Amino acid sequence: MTTPPPPVLTLHGSPRDLGRQQGAAVRSQVHGNVAVLLGDFITGAKAATMDRITAWQKRLRTFCFDHWPWLQEEIQGLAEGSGITPELAELLSFRAWQYEVYHAGACSSFALPGANGHTLTGGTLDDPRFLYTIAHVAPTQGLRFVSFPIAGTVWANRGMNEAGLALGISSLICPGVRFNLENLVPVDLVFRDMLQHCATVAEIEARCRRFKFFCNLIAVDATGAVFASSNYCGDYTKHTSPTGTYALTNHPAGAADTALRSRGYTGPDPSGFSVERRDQITAWMSAQAHRATVDDAIAFLGATPTPGRVNNQHTAFASVAMPQAHPHTIWLAQQPVTMSAFAAIDVRTGAVV
């Protein structure tokens, strides 16, 4: 069996145009996501918490539309294109279904010094494939980029932009941690801002100082510089590495572990295999450092999906980039991820190269 090439949805124009184009192109998928993710809101099963969630949504509207005013028009366009109400479109983009379990999910990310002194980066997005689309976004203002939004949202997450900035995201899952949900911003909207408006890892770090969100992230820019951090509701730990190798899955490491244990963190959830996946990446990087190529990363991520491995039954997408050598190319594969499933995509056009 051969995995079909990743279907890249091409969006271009004003914010309203971007939303309308996405909504019209994946209309049935958006309606499916509303049913799966927001069904409890529609049926009234969330009635006991709707006042709090409505207040939370109102706060996010004010915050997000003050900081990123173009998102309001794009969400409106999404509603128009897909035939859902603007309120439902907002609830999708604001992660209303995760109101009480905000930082759920799983993924893996890495960066290492590769062949010819070029930094190699990549990883996986682990979540139900049916929720997502692959989008090439060419906005009238900002940088063109490729990422993986949930259909019907204005999100970004793992991806790369035309400045040669590659981003990897891994949910930071912290059982027992205490945090104030009212201060959080949806990480997917922060990543949208990063991919559309940042060109360097210094700009990524500035976003980590500015916005309050939960995630592990690894960023690599066109100079080969790396920024890796664990971000937890307004604070973050910047990870350092004497060997230049970085691996983050879904648990805090190093100083981030210490900081979050003071907030009630009880340790990694063993069911997520986060520690095992990070160990697998670390071992691979140790063997491949200073000689790894894009093909080597594809071979690593394209290994047969196995429970507990980096590429597993929950892996929806995998991506690889080497921004210094290939500043406009990202290699993508969709589920089931295999070596032959990867395609090289031009982040300026969304076309296979």
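Points worth noting:
- Shape category assigned to segment 1-154 from the gyration tensor of Cα positions, a/c cut at 1.5: prolate
- Its relative contact order, with pairs defined as Cα atoms under 8 Å and 6+ residues apart, puts the chain at 21 percent.
- Per principal axis, descending, Cα span of segment 177-259 in whole Å: 37, 30, 18
- Relative packing of 72-79, 297-304, which averages over residues the other C-beta atoms within 10 Å, highest first: 72-79, 297-304
- Percent of Cα-Cα distances greater than 15 Å, calculated over segment 282-353: 55
- Residues with amide H under 5 Å from that of LYS212, placed H, sequence gap 5 or more: VAL185
- Segment 109-243 - percent relative contact order, Cα under 8 Å, separation 6 or more: 21
- Here the peptides 330-338, 83-91, 318-326, 55-63 are ranked by packing, the mean other Cβ count within 10 Å, and the order with the highest first is 318-326, 330-338, 83-91, 55-63.
- For ALA106, net neighbour charge (Lys/Arg +1, Asp/Glu -1) across residues whose Cβ lies under 13 Å away: 0
- Gap separating the Cα centres of segment 1-45 and segment 240-302, nearest whole Å: 31
- Estimated FRET transfer efficiency (SER262, SER286; beta-carbon r; R0 30 Å; 0.05): 0.45
- Charge tally in the Cβ shell below 12 Å around ASP188, where Lys, Arg are +1 and Asp, Glu are -1, ASP188 excluded: +1
- Neighbours of TYR265, meaning other residues whose beta-carbon lies under 10 angstrom from its beta-carbon, give a summed charge of +2 when Lys and Arg score +1 and Asp and Glu score -1.
- Accessible area per residue for the chain is 38 Å², calculated with a 1.4 Å probe on protein heavy atoms, without ligands, DNA or RNA.
- Computed in the context of the full set of protein chains, the accessible area of segment 64-195 at 1.4 Å probe radius has 51% of its extent on carbon or sulfur.
- Listed by chain and number, the lysines whose alpha-carbon sits under 26 Å from that of LYS238, ignoring those within fewer than 8 places in the same chain, are LYS212.
- Percent RCO, i.e. relative contact order, over segment 29-91, from Cα pairs under 8 Å lying at least 6 residues apart: 35
- For segment 14-62, the fraction of C-alpha pairs more than 18 angstrom apart is 52%.
- Peptides 30-37, 154-161 ranked from most to least packed give 154-161, 30-37, packing being the mean of other C-beta atoms within 10 angstrom over each peptide's residues.
- Rounded if a/c under 1.5, otherwise prolate or oblate - segment 214-321, Cα gyration tensor axes: oblate
- Rounded to the nearest 20 debye, dipole of segment 236-341 from Cβ charges on Lys, Arg, Asp, Glu: 240
- Rounded if a/c under 1.5, otherwise prolate or oblate - segment 221-284, Cα gyration tensor axes: oblate
- Looking at segment 71-192, the pairs of alpha carbons with a distance over 16 Å make up 67% of the total.
- Taking 0.36 nm per residue of separation and subtracting the Cα-Cα distance, full extension of the segment from ALA45 to ARG27 would add 4.0 nm.
- Across all Cα pairs in the chain, the calculated P(r) in 10 Å bins from zero up to the longest distance comes to 6, 27, 37, 24, 6, 0 percent per bin.
The values are calculated or read from the model by the stated rules, or taken from the named source; none is laboratory data. Please read all numbers here as calculations on a predicted model, not as lab measurements. So basically every Cβ, Gly included, is an ideal-geometry build from the backbone, and we count neighbours across all protein chains shown. These area figures cover heavy atoms from the full protein model, side chains too; ligands, DNA and RNA do not enter into them. Shrake-Rupley method; radii C 1.70, N 1.55, O 1.52, S 1.80 Å.
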